[in-house]
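Written out below as structure tokens is the structure these notes cover.
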Amino acid sequence: MNYKEKLERQIEELRVRMYDIYNQNPNDEELLRVSQELDDLLNRFRGQSLELKEQLT
């Protein structure tokens, strides 16, 4: 599994976790932590996508 695939898997897991937390208690402080972690992973994923695009051009 390459780095980008690993990021995709982690993003999906955190996305599901975030919705589970929200459905249980939208005021849970863990929701903010998971949301920030998801944002970080999405930024890394975007960076990987941009690097790949640059390599192809």
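The values are calculated or read from the model by the stated rules, or taken from the named source; none is laboratory data. In this text, all values refer to a predicted model and were calculated from it rather than measured experimentally. So basically every Cβ, Gly included, is an ideal-geometry build from the backbone, and we count neighbours across all protein chains shown.
Of these, L7, L14, L50, L38, which one is surrounded by 15 or more Cβ atoms within 10 Å (Cβ to Cβ), at pLDDT below 95 and of a type outside the set (D, E, K, R)?
Working: L14 fails: at pLDDT below 95; L50 fails: surrounded by 15 or more Cβ atoms within 10 Å (Cβ to Cβ); L38 fails: at pLDDT below 95.
The match here is L7.
If the Cβ limit is 7 Å and pairs must be 6+ apart or interchain, which residue in the stretch 42-56 that is part of a helix (DSSP H, G or I) pairs with which residue that is loosely packed, with under 12 Cβ neighbours inside 10 Å and modelled with pLDDT of 80 or more?
Q48/Y3
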